[in-house]
Amino acid sequence: MPLSFRQLEVIRAVSRHGSVTLAAAQLGISQPAVSMLLRDGAALAGFSLFRRRQGRLQPTPETRLLLGDLDRVFEGVERLNRLVEDLRDSSVGSVQVAATPTLADNLLPPALALLRRARPRLQLVVHTMDNPGVIDAVQRERVDFGLALTPVGEPELRRIELTRGPLIAVVARDHPLAGRGVVSPRDLADFPLISFSRSLPLGNLVEQAFREAGVPRRIALEVTQSSLAAAMARAGIGVAVTDPFLLLDARDHGVARLVLRPAPLVSAMALLPRQSQPGRAALLLLAALRRLARSLPEFPA
């Protein structure tokens, strides 16, 4: 006889909290009910589910093997429940998005502001992570869609290009290059370079720009986020070469933005699972992102 959904729910809750009392409170059932479900679950499974150590219930090695799949099962159930709610009431809904920090900071807020005028009760959960993390979250269908930077090399994902532009150079306002307006990779060779690992899309593109200019890319400071690269440049540490989306809005970022020529293009992409269809709220947010992207000024090339 298989474990029931309720028993699986109890196993997951106790694993998270290490306590029957806390698990019962989370699930809204009595402590004796949790204890009984655990006892019956262990009998059905044929092995011990938990051991008490230092006053806490800790999963056995067998139970630990189940926890990753349990999380995926319950994340799927939560996603289905959000979809049901979205279908039941067109004025509400929730969307889960995985996004790189640059796109989460600069594309999502104005798009959500546009959408919430028509759907003020919309709920949005944003998971910020690097490009590989976004791709993995979309592939595993843990989110409705993802926002990532190119290049994206996963053929099983559907892709929607939102906007594109060339890489830019960012320096402090008092930097010797600040008044140049346009620079080349060769102009940057004498200054400390703030850049990205080749394992990240931006790192590949920066490497490509320097290689095509015949200039070795010598990284003085390696970062993983565009906002951190800009902060380091603002502090006068060096020159950051990053994506153009970081400085989309009219805020005073305290840096000088330089056109980099020649520079490869980088795209902001929406990534969707190939097999499943996003819910209505997710599609509306995607539509708002596309409208916003069309309204952006063209990036200088």
Q | Residue count for the stretch 41-70, restricted to those that are more than 26 Å from residue 142 (Cβ to Cβ), in a helix (DSSP H, G or I) and touching a helix residue (DSSP H, G or I) at 6+ places or on another chain (Cβ under 7 Å) | A | 0
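Conditions tested, residue by residue: (1) closer than 30 Å to residue 288 by Cβ; (2) in a helix (DSSP H, G or I).
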{"position": "9", "(1), (2)": "no, yes"}
{"position": "36", "(1), (2)": "no, yes"}
{"position": "73", "(1), (2)": "no, yes"}
{"position": "76", "(1), (2)": "yes, yes"}
{"position": "94", "(1), (2)": "yes, no"}
Q) Only one residue in 51, 39, 16 is open to solvent by 30 Å² or more (accessible area, probe 1.4 Å), basic (Lys, Arg) and under 16 Å from residue 3 (Cα atoms), so which one is that? A) 39
Q: Take residue 57 and decide whether it is open to solvent by 50 Å² or more (accessible area, probe 1.4 Å), at pLDDT 75 or above and aliphatic (A, V, I, L, M).
A: no
Q) In the stretch 28-64, which residues are in contact (Cβ under 8 Å) with a residue 24 or more places away in the chain and small (Gly, Ala, Ser)? A) 41, 45
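Name every residue in the stretch 199-221 that is surrounded by 15 or more Cβ atoms within 10 Å (Cβ to Cβ) and assigned to a loop (DSSP other than H, G, I, E, B), in order of residue number.
Within the stretch 199-221, 200, 213, 215, 217 qualify.
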Q) Which residues, taken from the stretch 275-290, are modelled with pLDDT under 90 and either among the acidic types (Asp, Glu) or surrounded by 13 or more Cβ atoms within 10 Å (Cβ to Cβ) (or both)? A) 278, 279, 280, 281, 282, 283, 284
Q: Among the numbered conditions (1) assigned to a loop (DSSP other than H, G, I, E, B); (2) under 30 Å from residue 286 (Cβ atoms); (3) among the aliphatic types (A, V, I, L, M), tell me where residue 229 comes up short.
A: (1)
Q. So, of the residues in the stretch 222-231 that are of a type outside the set (Ser, Thr, Tyr) and open to solvent by 50 Å² or more (accessible area, probe 1.4 Å), which turns out to be nearest to the chain's Cα centre (by Cα)?
A. 225
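The values are calculated or read from the model by the stated rules, or taken from the named source; none is laboratory data. From a predicted model like this one, the values you see are computed outputs, not experimental measurements. We place every Cβ from the backbone using ideal geometry, glycine too, and count neighbours over all the protein chains shown. With ligands, DNA and RNA removed, areas are computed over all heavy atoms of the protein, side chains included. Shrake-Rupley method; radii C 1.70, N 1.55, O 1.52, S 1.80 Å.
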